[in-house]
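For reference, the structure discussed in these notes is given below.
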Amino acid sequence: MNDQNKLNRTMTLLPAISTVMGTVIGAGVFFKASSVAQSTGSTSMSLFVWILGGLISLAAGLTGAELAAALPQTGGMLVYIERAYGKLPSYLLGWAQIVVYFPASVAAKGVIFGTQVANLFHLPTSAIIPAGIIAVASVFLINLLGSKIAGQFQSITLFFKLIPLALISIFGLLQPDGVDVSLFPVEPGSQAGSWATAVGAGLLATMYAYDGWIHVGNIAGEMKSPQKDLPRAIAGGLIGIMVIYLLVNFVYLHSLPLSAISGNENAASDVAQHIFGGFGGKLITIGILISIYGTLNGYTMTGMRLPYAMALENELPFSKHLVKLNRYQIPYVAGIFQLVLAVALMFIGGFDMLTDMLIFVIWLFYTLVFIAVIKLRITEPDLPRPYKVPLYPVVPIIGIAGGVFIIVMTLISEFQLAMIGLILTLAGLPLYFYMQSRKRRQN
């Protein structure tokens, strides 16, 4: 480890917990309550899947952090997958992130931003996509001004994602009257189908809100004592997130009947108006919009750099164009590529369809990461591991079981959606062999 990295080891436990929570909390907590309620059909099952999603994410974060600490190179999950399985699976992950994960994430946030704008200003539904495109395009333009400005913008909007959550939780719990909410007995509604189907569909929705845990291990290189504080930061941060999510969803269910939340993408705004009245509700909705916009910025900033990084290795068609930078050293062609894909996806699917597809695809690779932790313990026992997952191999096995359950239940309940995601991912196979062949000819 060089001196610069040593000097950067200044992060203690509390800032690390804050980083974990800031990384994971995004738009999902505001807008996934509707699909969770629709999938489960009951308040008890809705709360249960939020708890289950948090526990799986906790196991996932504690497991993935072992590889993040052991292999702290730029690229994150791409590095872990390649180290354990070789170049082809790593390439497919990069391809899936380029054509599904990041564009679908941007598109989904654009759609929900447009939905909230239309709701706030009482616009027709035909305004949702145009408003979303304006949001997505404007964030892209902000990012063209340089990573410093985009980073500062991200820091400013971080506070706005917490303010609506805090206000909704505090004032929602103080309501004198409301709908009775109980966790037990945990039973799905009659229209939700079997227990397993309800849990599977509900869990798929909650995992979008918890997504982002894969990045928490990246703080290991900045921590004074990663062996001691990293598991505490991950556990503390994700448990804190789970508590916040449970509080917010309890308030949703306490404020409005389940039927008013189920399938209602404006549920967060409706709850805010119920608690704070018309004007107060609009202020909370504006705060939520700022939160979505900030999250949109984070995914745009990160996503446009992935095709650029792969193009630097000449792993994509038109690589010589994708590596072009503007005067602020921003990969603007790669950014345009992501923007075009995101806008196209906005016309193809709604918020829940896009998020379910991206969660299915990314959890295929997350599950491979959990298996890689066990695989590398066997094949590379001497690999330096500044942090080891606690309760090994129980915690990785929980992560693997959770991942398999999410994948299988998506195939059962959303087969067509899963196939679209899988086909888009596997479309990278012929491209990989073509690019490898072209590299050999050039050499």
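The values are calculated or read from the model by the stated rules, or taken from the named source; none is laboratory data. Because the structure is predicted, anything quoted here is derived from the model rather than measured. Virtual Cβ from ideal backbone geometry, glycine too; neighbours counted across all protein chains shown. These area figures cover heavy atoms from the full protein model, side chains too; ligands, DNA and RNA do not enter into them. Shrake-Rupley method; radii C 1.70, N 1.55, O 1.52, S 1.80 Å.
Which one, Ala96, Gly212, Ile241, projects farthest toward the positive side of the charge dipole computed for the chain from Cβ point charges (K/R +1, D/E -1)?
Most positive-ward Cα: Ala96.
Pairs to check: Lys109/Lys388; Lys32/Lys148; Lys324/Lys439; Lys109/Lys161. Give those whose C-alpha atoms are more than 23 Å from each other in this structure.
Numbers: Lys109/Lys388 35 Å; Lys32/Lys148 31 Å; Lys324/Lys439 20 Å; Lys109/Lys161 14 Å.
The pairs that break the limit, which is 23 Å between Cα atoms, are Lys109/Lys388; Lys32/Lys148.
Which of Tyr366, Tyr210, Tyr392 ends up with the largest GNM mean-square fluctuation for the chain, with Cα atoms connected below 10 Å?
Maximum fluctuation in the GNM of the chain, among the listed residues, is at Tyr392.
State which stretch of the chain is the longest one without any exposed trypsin sites (Lys or Arg not before Pro), exposure meaning a DSSP loop state and at most 12 other Cβ atoms within 10 Å.
Numbers: sites that count: Lys224, Arg327.
In the chain, the maximal stretch lacking such sites is 1-223.
For the chain, with all protein chains present and a 1.4 Å probe, just round the carbon and sulfur fraction of the accessible area to a whole percent. Don't skip to the end; give the middle numbers.
Values: 12270 of 18270 Å².
Using a 1.4 Å probe with all protein chains present, the chain comes out at 67 percent carbon and sulfur.
Spin-label point model (7 Å from Cα, Cβ direction): what's the Lys388 to Ile163 distance in nm?
Once both label points are built, they end up 4.7 nm from each other.
Rounded if a/c is under 1.5, else prolate if a/b beats b/c, else oblate: with a ≥ b ≥ c from the C-alpha gyration tensor eigenvalues square-rooted, which is the range 311-383? Could you put the intermediate results ahead of the total?
Working: a/c = 3.35, a/b = 1.34, b/c = 2.50.
It comes out oblate by the Cα gyration axes.
With the cut-off at 1.5 for a/c, could you classify the range 214-322 from its C-alpha gyration tensor as rounded, prolate or oblate?
Values: a/c = 2.98, a/b = 1.53, b/c = 1.95.
It comes out oblate by the Cα gyration axes.
In square angstrom, rounded to the nearest 10, how much accessible surface does Met419 have for a 1.4 Å probe?
Spelled out: Met419, probe radius 1.4 Å, area about 50 Å².
Find the Rg to Rh ratio for the range 21-161, where Rh is the Kirkwood radius over alpha-carbon pairs and Rg uses the same atoms.
Details: Rg = 18.5 Å, Rh = 18.2 Å.
Looking at the range 21-161, the ratio lands at 1.01.
Can you figure out the FRET efficiency of Leu55 with Ala344, using R₀ = 30 Å and their beta-carbon distance, to the nearest 0.05? Intermediate results must be reported in sequence, preceding the final value.
Numbers: r = 36 Å, r/R0 = 1.19.
Efficiency at R0 = 30 Å is approximately 0.25.
Quick one: work out Rg over Rh on the C-alpha atoms of the chain, Rh as Kirkwood radius.
Numbers: Rg = 21.4 Å, Rh = 22.3 Å.
We get a ratio of 0.96 for the chain.
Which of these, Val404, Val99, Val36, has the largest mean-square fluctuation under a Gaussian network model of the chain (Cα springs below 10 Å)?
Val404
Please give the calculated 222 nm ellipticity per residue for the chain, where each DSSP H segment of at least 4 residues contributes -39500 (n - 2.57) and the sum is spread over every residue; nearest 500 deg cm²/dmol? Intermediate results must be reported in sequence, preceding the final value.
Numbers: 21 runs with 330 residues, N = 443.
Helices in the chain give a 222 nm mean residue ellipticity of -24500 deg cm²/dmol.
With springs only between Cα atoms under 10 Å apart, run a GNM on the chain and tell me which of Ala33, Ala127, Ala272 wobbles the most.
Top of the fluctuation ranking is Ala127.
Stretched out fully, how many nm does the piece from Leu174 to Asn326 gain, at 0.36 nm a residue minus the Cα gap? Don't skip to the answer; put the middle values down first.
Details: separation 152, 0.36 × 152 = 54.72 nm, distance 5.16 nm.
Taking 0.36 nm per residue and subtracting the Cα distance, the gain is 49.6 nm.
Once both axes come from the Cα atoms, what is the angle between helix 415-426 and the longest principal axis of the chain, in degrees from 0 to 90, rounded to 10?
20
Residue by residue, what Karplus-based ³J(HN,Hα) values in Hz, rounded to whole numbers, does the range 61-70 have, using 6.51, -1.76 and 1.60 with θ = phi - 60° and x for Gly and Pro?
x, 5, 6, x, 5, 4, 6, 4, 6, 7
Please report, in debye to the nearest 20, how large the charge dipole of the chain is about its Cα centre when each Lys and Arg carries +1 at its beta carbon and each Asp and Glu carries -1 there.
1580
Which whole-Hz ³J(HN,Hα) couplings does the range 245-261 yield from phi under the Karplus relation 6.51 cos²θ - 1.76 cosθ + 1.60, θ = phi - 60°, glycine and proline marked x?
These are the phi-based 3J(HN,Hα) values: 4, 5, 4, 4, 6, 4, 5, 3, 5, 6, 7, 10, x, 4, 5, 7, 9 Hz.
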